[in-house]
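A.B. asks: The structure's right below; bear with me while I get my questions together.
The values are calculated or read from the model by the stated rules, or taken from the named source; none is laboratory data. Nothing here was measured: the structure is a model prediction, and the numbers come from that model. All Cβ positions, glycine included, derive from the backbone under ideal geometry; neighbour counts span all protein chains shown. Surface accessibility is based on the protein's heavy atoms, side chains included, excluding ligands, DNA and RNA. Shrake-Rupley method; radii C 1.70, N 1.55, O 1.52, S 1.80 Å.
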Amino acid sequence: MPRPIELVIDMNALRHNEAKMREAAAGRTLWAVCKANGYGHGLANCIKAFEDADGIAILDIEDAVKARELGWKKRILMIEGFFDAEDLPVLEKANAEVVVRDLRLIELLEQSHIRHIACHLKVNTGMNRLGFRPAEIPAMKERLQKIPCVEYKGIVTHFANGERSYTADGPATVARQMQRLGDLARTEKGVCLAATTGILFHPEVKGDAVRAGIALYGVSPDSTLTSEELGIIPAQTLRAKLIAIQHLEPGEAVGYGSKWIARRPSRIGVIACGYADGYPRAMPNGSPVYVAGRIAPTTGAVSMDMMEIDLTDIPEAGEGDWVELWGKHNPVNKVAACAGTIGYELICSVMPRVPVRTVG
Ligand SMILES: *Cc1c(COP(=O)(O)O)cnc(C)c1O
């Protein structure tokens with residue numbers, strides 16, 4: 001028997017969210033972003049659930065190969081391009097399209113002996129991670145188009161602050177990034193601009209294609225908005241069972257470092273989930289879990305394989321009950337906020353030792 005912990009992936013939720021984003025894409029090409037093992041939901045599950053998408057967008061070269069082995073016949077976009085010359089024949093064989101983000105990649109394409117690869121040019125409009133400055137694009141495009149193996153597809157950019165709640169007048173607002181992109185947004189073909197926040201919150205950002213990530217998994221990209229408000233359904237549930245109950249006297253403590261001390265006679269539940277399962281050790285006292293239809297607070301430091309919660313006010317919860325660490329009843333963004341992070345990080349951090357169960 002495995003430990004009583006599991007990561008449950010709801011295929012119907014993935015399908016529902018894909019349909020939702022398809023609708024929001026309003027006729028534009030929909031890339032389903034499945035990087036990081038499908039944001040922790042499993043590449044194979046994503047490929048099945050997102051079969052209506054126009055393509056998948058991924059990062060790891062081996063994922064392109066894996067996706068083809070799993071039977072994915074539609075387009076594949078490598079959103080970070082490639083990393084070395086030897087990646088090119090692998091990507092050609094997988095018929096994957098690449099994002100070209102700097103001069104070194106153009107040189108590798110010029111020197112390569114492959115016969116065909118579709119390329120998108122990355123424009124740096126203010127994120128300042130990858131890509132060419134807008135003014136460099138015409139020259140780079142011309143250079144790319146001269147390479148015999150290259151099929152030029154268009155341009156890609158990425159927004160740093162697309163959330164609806166982002167109202168700062170910062171250096172990289174969507175408006176400023178669009179301004180930097182300038183005429184390229186209109187004159188170029190194959191323009192791919194928006195990720196989830198752009199799709200949901202910035203109808204003024206048009207383009208021919210979009211890259212939907214987090215919303216496909218049912219998690220809001222803006223922690224001030226819930227999944228329900230966006231009409232999406234959380235597809236990932238991390239849950240584990242209560243494996244012990246402890247009765248504490250006032251003044252007694254729970255766990256390493258005695259970080260939680262009982263102020264009243266307390267009933268403490270021990271859950272079979274720890275930081276080696278992907279539940280952050282940084283989670284403070286009072287972080288929410290869902291058990292027996294209620295929210296209970298965590299108590300004490302999360303240990304490697306276990307964590308504890310206060311069940312004093314939930315007497316109906318007992319040994320053997322499932323506790324939802326995050327999922328449909330306990331939004332991952334709320335949990336993440338307690339540790340100063342975002343849902344994105346938690347959903348892709350569940351460790352391989354946790355058994356995955358696919359439903360729907
Ligand atoms: C991860 C990523 C996306 C998807 O972002 P979401 O916020 O999850 O929709 C889109 N484009 C690029 C370049 C990315 O790295």
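A.B. asks: For the range 159-207, how big is the tail of P(r) above 13 Å, as a whole percent of Cα pairs?
C.D. replies: Distances greater than 13 Å cover 54 percent of the Cα pairs.
A.B. asks: A further question on this structure: How many nm is it between the label spots at His113 and Cys149, if each spot is 7 Å from the Cα in line with the beta carbon?
C.D. replies: 1.0 nm
A.B. asks: Within straight cross-link reach of Lys328, meaning Cα distance under 18 Å, which aspartates and glutamates are found once same-chain residues fewer than 8 apart are removed?
C.D. replies: Glu6, Asp10, Glu18, Asp222, Glu228, Glu229, Glu345
A.B. asks: Additional query: What pairs in Lys35/Lys66; Lys93/Lys146; Lys48/Lys241; Lys73/Lys206; Lys35/Lys241 have C-alpha atoms more than 20 Å from each other?
C.D. replies: With Cα atoms farther than 20 Å apart: Lys93/Lys146; Lys48/Lys241; Lys73/Lys206; Lys35/Lys241.
A.B. asks: Just report the Cα centroid separation between the range 197-236 and the range 53-80, whole Å.
C.D. replies: The range 197-236 and the range 53-80 have Cα centres separated by 21 Å.
A.B. asks: Report, in whole Å, the centroid distance computed from the Cα atoms of the range 1-30 and the range 307-360.
C.D. replies: 18 Å
A.B. asks: Please state the Cα pair-distance histogram of the chain with 20 angstrom bins from zero: what percent is in each bin?
C.D. replies: Once binned at 20 Å, the Cα pair distances of the chain give 28, 49, 21, 2.
A.B. asks: What relative contact order, as a whole-number percentage, does the chain give when Cα pairs under 8 Å and 6 or more residues apart are counted?
C.D. replies: Relative CO of the chain lands at 18 percent.
A.B. asks: Same structure, new question: Could you work out [θ]222 nm for the chain from helices alone, using -39500 (n - 2.57) per DSSP H run of at least four and dividing by all its residues? Round to the nearest 500 deg cm²/dmol.
C.D. replies: Estimated from H runs of four or more residues: -7000 deg cm²/dmol.
A.B. asks: Okay, moving on. Report the GluC sites (Glu not before Pro) located in the range 247-320 that are in a DSSP loop and have at most 15 other Cβ atoms inside 10 Å of their Cβ, or state none.
C.D. replies: Those satisfying the criteria are Glu252, Glu316, Glu319.
A.B. asks: Next question. Could I have the simple spin-label model distance between Lys259 and Arg68, label points 7 Å from Cα toward Cβ, reported in nm to one decimal?
C.D. replies: Result: 4.7 nm between the two label points.
A.B. asks: Take the eigenvalues of the Cα gyration tensor for the range 11-219, scale each by 5, and report the square roots as semi-axes in whole Å, largest first.
C.D. replies: Each semi-axis is the square root of five times an eigenvalue, giving 25, 24, 13 Å.
A.B. asks: Mind checking which of Met78, Thr226, Ala36 is farthest towards the positive end of the chain's charge dipole, using Cβ charges of +1 (Lys, Arg) and -1 (Asp, Glu) about the Cα centre?
C.D. replies: In the chain, that residue is Met78.
A.B. asks: Consider just the alpha-carbon atoms of the range 236-359 and return their Rg together with their Dmax, both in angstrom.
C.D. replies: Cα radius of gyration and Dmax of the range 236-359 are 13.6, 44 Å respectively.
A.B. asks: Another one. Take Asp321, project a point 7 Å from its Cα along the Cβ direction, then tell me which residues of the range 261-289 have their backbone nitrogen under 18 Å from it.
C.D. replies: 265-273, 286-289
A.B. asks: Run the accessible area of the chain with a 1.4 Å probe and give the carbon-and-sulfur part as a rounded percent.
C.D. replies: Within the chain, the accessible surface is 52 percent carbon and sulfur.
A.B. asks: How about the chain: what cysteines have no other cysteine beta carbon under 4.7 Å from their own?
C.D. replies: Cysteines lacking a close Cβ partner in the chain: Cys119, Cys149, Cys192, Cys273, Cys338, Cys348.
A.B. asks: Tell me the accessible surface of Tyr275 in square angstrom (1.4 angstrom probe, heavy atoms of protein chains only), to the nearest ten.
C.D. replies: It works out to around 80 Å².
A.B. asks: Shifting gears a bit: Hand me the trypsin sites (Lys or Arg not before Pro) from the range 249-292 located in a DSSP loop with no more than 10 other Cβ atoms within 10 Å, in residue order please.
C.D. replies: Taking the range 249-292 and a limit of 10 other Cβ atoms within 10 Å, the loop trypsin sites (Lys or Arg not before Pro) found are Arg263.
A.B. asks: Something else now. Heavy-atom accessible area per residue, the chain, 1.4 Å probe: how many Å²?
C.D. replies: Heavy-atom accessible area per residue stands at 45 Å².
A.B. asks: What order do Lys241, Lys328 take when sorted by accessible area (1.4 Å probe), most exposed first?
C.D. replies: Lys328, Lys241
A.B. asks: What nm value, rounded to one decimal, do you get for the distance between His329 and Ala139 when each label is placed 7 Å out toward the C-beta?
C.D. replies: Roughly 6.1 nm, to one decimal.
A.B. asks: Rank these residues by their accessible area, most exposed first, probe 1.4 Å: Tyr217, Tyr152.
C.D. replies: Solvent-accessible surface, decreasing: Tyr152, Tyr217.
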